[in-house]
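Here is the structure we will look at.
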Amino acid sequence: MGRLKLGYQVLTAVVLGIFAGLFFGPLTGNLKPIGSVYMMLLQMAALPYICFSLIHGLGSITPTTGKKLFKSGWPFLLALWLMIFGIIFLLSYLIPNAISPLIQAEGSREFESNFTKSFLTFLIPENPFYDIANNIVPAVAIFGLIGGIALMHIENKEPLIGVLERINQTIEKILKWLGILSPIGAFTYISVAFGTIHFEDIYKIEVYVVAFILNTLFVTLWVLPTLISSMTPLTYREVLRAFRFVCLLPFVTGISAAGLPFINNYLRRLSRKHETHENFRETSQTILPIAYSFGNIGNAMILFFIFFLSYYYRHPFSPTETTLLSILSVPLSIGSSTSNISSIPFLITELGFPQSSTEFFEQIKSFTYNFQVMMSIASVLTLIILTIYSYYGLLQIKWKQCLFRLGTTFFVFAALVFTCKHFTHFSDVYESMYMDHTLSAVVESPRKVEILSQDEMGAARSFADSPLPDVMQQIIETRTLKVGFEPRSSIPFCYYNAQKELVGFDIAYAYELARNINCDLQLVPFTFDELAQKLDSGAFDIGMSSLIMSEERLLEMDFTFPYYEDNNVLVIPTSEKKRYLRLKELKANNHIKIGAVGALVDIAKQNFPNATLVEIQGMDALLSKKVESVFWSKTSAMVWCLTHPEFVAVDYGQEIGKCYFAYPIRQHAVNFGFFLNNWLSLKEQSGFKGAMQSYWIDGLSPGSRPPRWSVLRNVFHYGLND
């Protein structure tokens, strides 16, 4: 009754958490520290338990018994891991191929050596106390395995075995207490998840979450019971009842260790059926900690998450990297589901994903983690049953039944995956991201904004042929800042979003400049070839439209200090990337046709003197194959390639130079130039530049993202004026 009572408490907490998240919305974020404390307490108990239970379990038996157990269990352990990897790779077929908008010319060959080196640090228990303190689960488990094997060969070890048994009992008592607190932890996690995640973010992960959940249910409720019933005297229904008895509490609480007492109870019942076999109960107890540490195949689902993350952030892996990652994910999956999540930050860091991936995982975990725990505990019990039956010669393998059921199962599963491939839609983080950006999300509007059309020129400044025109004085007198922009400029600096609004990094700076001067803003269109003439005639005061400072332009206009610098790249068809990876050969090639815009033409000529250079007006020249590649700045090229996956930007480091973005002004406008340089410095020191770069260039959500919908705010209108 106690088990069911706690289970109902957790289920009630989950329901209340969903209600609280929808009702209170972002206010539930204040509960996040409570959830963090609860997870820390779980890891506090889980890591030592893995270590001491392994040492106690292995140390309690003789070397002869250990060898026999190993021979009995390793085929099933290998089979379970091969099975789950087969399912994960098949399931990953649903995920579209990750297409990176950028490649490095020299390749990414450092991955294997760097990742392997970091992986060994994560795996080898160089300092067990450090590993426990830093949640390095694989190293802790390996230390427990080595310590247990060493203790196995020691004589007169009973006193130490007794101490280890007491330690394990103490930790199990702590885990039991934490189980009592699990309704609080469940309520906290669910309420924070449902209160803070935005509904549009759920849309981006819904297919992944559904696929994850259905896969865990498929393995837990069909594959594993079928495997056991085809190899032992146990029937499918008996196995299903055992799974329900063992997995219910770990599933609802999210604590895999909560299933250990129920595994013990089930093994006690099982031993009564086989009383004629000596030490059946004791042997199963020896297998338990080993299976618990190495048989949690649900932990392998982190590989499915990494594959999804690869697509979500357009971060593809080569076949070699995929193979290496798959192999190394096995030891990274060692330990309980609770402690396994510590490998996610490690993988995110080592694989070069953005740090926002960790927060992204926390959001997804709220929906998938409990199902991972359920499958892990079911696989642990499966490994124990198959190993103990093999050890005592009780296996009754029904080959025809086993091959038919599992073969049919995987055939149907594969057919469903291949069918669903054509009806599912995955969304990545970049899908319509830049086109959904708005100025109101990150910057306040000046007094008045007017955007002129191509036919409207506006009133030009009158400088009366003064050799030192005081642009700043005219801006103050007219209370109007005239900013030039190129309508065909590039994302993310100056462009029209999905709502046909003129937005971008430079436009945000224009808004901020006008607001700081406390004047109206007039945005005047121009083309690159008339930039100098428009500045000189006073058509506008400053150009703010991803304009590059070049030697040629410096002869015709003045510039502020550069506010952004970027590597130069080549945008090429993806199918031609092998041809463009060797820069030396490319520079010597006189049969390539390279396009460039504005000031980049001269820079491209300097770097590719043998190529045919074509001045183009936009990327239509590449799309229509008038040029074979385009010389461009890295950021703009990457963003353009995100929406044109048939093209990729090749980054040669600084081998073909850098471009410096700056704001051009009329020559000899000394006061205005002096003011702008100081203003740009202040904007950088105040954090404005960092915020704009984070939003417009890196594509991250602004800190002032509108509050998520909630009943309290949007129905009862509480806090609308906050």
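The figures follow:
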| read-out | value |
| --- | --- |
| Count of the range 588-601 residues which are surrounded by fewer than 16 Cβ atoms within 10 Å (Cβ to Cβ) and either assigned to a helix (DSSP H, G or I) or of a type in the set (Ser, Thr, Tyr) (or both) | 1 |
| Residue, modelled with the lowest pLDDT, within the range 269-299, restricted to residues that are surrounded by fewer than 24 Cβ atoms within 10 Å (Cβ to Cβ) and in a loop (DSSP other than H, G, I, E, B) | Thr276 |
| Conditions (1) at negative phi; (2) surrounded by fewer than 17 Cβ atoms within 10 Å (Cβ to Cβ); (3) in contact with an Asp or Glu (Cβ under 9 Å, 6 or more places away or on another chain); (4) touching a residue at least 24 places away in the same chain (Cβ under 8 Å): number failed by Gly690 | (4) |
| Residue in the range 472-488 that is out of contact with any strand residue (DSSP E or B) (no Cβ under 7 Å at 6 or more places or on another chain), modelled with pLDDT of 90 or more and of a type in the set (Asp, Glu) present | no |
| Residues of the range 449-458 satisfying the condition of being among the charged types (D, E, K, R) and either more than 23 Å from Trp696 (Cα to Cα) or modelled with pLDDT under 90 (or both) | Asp455, Glu456 |
| Residue check, Phe526 in contact with a helix residue (DSSP H, G or I) (Cβ under 6 Å, 6 or more places away or on another chain), surrounded by 17 or more Cβ atoms within 10 Å (Cβ to Cβ), over 22 Å from Met435 (Cβ atoms) and of a type in the set (Phe, Trp, Tyr) | yes |
| Residue count, the range 478-509 (criterion: of a type in the set (A, V, I, L, M, F, W, C), free of Cβ contacts under 8 Å to residues at least 60 places away in the same chain and either within 19 Å of Leu642 (Cβ to Cβ) or touching a Gly at 6+ places or on another chain (Cβ under 9 Å) (or both)) | 1 |
| Helices (runs of 4 or more DSSP H) (entirely within the range 630-722) containing at least 2 residues that are more than 30 Å from Tyr312 (Cβ to Cβ) and not β-branched (Val, Ile, Thr) | 670-685 |
| Answer from Ile146, Ile184, Ile190 - the residue that is over 27 Å from Gln363 (Cα atoms) and either in contact with a Ser or Thr (Cβ under 6 Å, 6 or more places away or on another chain) or assigned to a helix (DSSP H, G or I) (or both) | Ile146 |
| Breaking point among (1) modelled with pLDDT of 90 or more; (2) of a type outside the set (A, V, I, L, M); (3) not assigned by TED's automatic domain parsing to the domain that holds Ser229, for Ser427 | (1) |
| Boolean, Leu234 is more than 28 Å from Gln43 (Cα to Cα), more than 30 Å from the chain's Cα centre (by Cα) and either of a type in the set (Phe, Trp, Tyr) or surrounded by fewer than 22 Cβ atoms within 10 Å (Cβ to Cβ) (or both) | yes |
| Count - residues of the range 490-511 that are over 14 Å from Phe540 (Cβ atoms) and surrounded by 21 or more Cβ atoms within 10 Å (Cβ to Cβ) | 11 |
| Residues satisfying the stated conditions in the range 193-222, i.e. more than 26 Å from Ala242 (Cα to Cα), assigned to a helix (DSSP H, G or I) and among the hydrophobic types (A, V, I, L, M, F, W, C) | Ala193, Phe194, Phe199, Ile202, Ile205, Val207, Val209 |
| Lone qualifier among Lys625, Lys584 - being part of a loop (DSSP other than H, G, I, E, B), surrounded by fewer than 16 Cβ atoms within 10 Å (Cβ to Cβ) and without any contact (Cβ under 8 Å) to a residue 24 or more places away in the chain | Lys625 |
| Contacts under 6 angstrom Cβ, first residue in the range 5-33 being farther than 15 Å from Val192 by Cβ, partner hydrophobic (A, V, I, L, M, F, W, C) and crowded, with 17+ Cβ neighbours inside 10 Å, 6 or more apart | Gly7/Leu248; Gly7/Leu249; Gly7/Val252; Val10/Ala186; Val10/Val252; Leu11/Val252 |
| Which numbered condition Arg579 fails, given (1) in contact (Cβ under 8 Å) with a residue 60 or more places away in the chain; (2) more than 30 Å from Ala691 (Cα to Cα); (3) within 36 Å of the chain's Cα centre (by Cα) | (1) |
| Wholly within the range 309-360, helices (runs of 4 or more DSSP H) carrying at least 3 residues that are surrounded by fewer than 21 Cβ atoms within 10 Å (Cβ to Cβ) and free of Cβ contacts under 8 Å to residues at least 24 places away in the same chain | 319-332 |
| Among residues of the range 398-456, those that are under 21 Å from Pro645 (Cβ atoms) and of a type in the set (Gly, Ala, Ser), counted | 2 |
| Restricting the range 547-560 to residues that are touching a helix residue (DSSP H, G or I) at 6+ places or on another chain (Cβ under 9 Å) and not in a loop (DSSP other than H, G, I, E, B), the residue that is surrounded by the most Cβ atoms within 10 Å (Cβ to Cβ) | Ile548 |
| Count of the range 197-215 residues which are among the charged types (D, E, K, R) and over 16 Å from the mean Cα position of the chain (by Cα) | 1 |
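Per-residue answers, yes or no, for (1) assigned to a helix (DSSP H, G or I); (2) buried (at least 18 other Cβ atoms within 10 Å of the Cβ):
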position: Ser379; (1), (2): yes, yes
position: Ile384; (1), (2): yes, yes
position: Ile388; (1), (2): yes, yes
position: Gln396; (1), (2): no, no
position: Lys400; (1), (2): yes, no
position: Val412; (1), (2): yes, no
position: Val417; (1), (2): yes, yes
position: Arg447; (1), (2): no, no
position: Gln454; (1), (2): no, no
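Quick grid of which residues meet (1) surrounded by fewer than 18 Cβ atoms within 10 Å (Cβ to Cβ); (2) touching a helix residue (DSSP H, G or I) at 6+ places or on another chain (Cβ under 9 Å); (3) in a helix (DSSP H, G or I); (4) free of Cβ contacts under 8 Å to residues at least 12 places away in the same chain:
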residue: Leu531; (1), (2), (3), (4): no, yes, yes, no
residue: Leu535; (1), (2), (3), (4): no, no, yes, no
residue: Phe540; (1), (2), (3), (4): no, yes, no, no
residue: Ser545; (1), (2), (3), (4): no, yes, no, no
residue: Pro562; (1), (2), (3), (4): yes, no, no, no
residue: Asn567; (1), (2), (3), (4): no, yes, no, no
residue: Leu570; (1), (2), (3), (4): no, yes, no, no
residue: Asn610; (1), (2), (3), (4): yes, yes, no, no
residue: Gly618; (1), (2), (3), (4): yes, no, no, no
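The values are calculated or read from the model by the stated rules, or taken from the named source; none is laboratory data. For clarity, every value in this text was computed on a predicted model and none was experimentally measured. Virtual Cβ from ideal backbone geometry, glycine too; neighbours counted across all protein chains shown.
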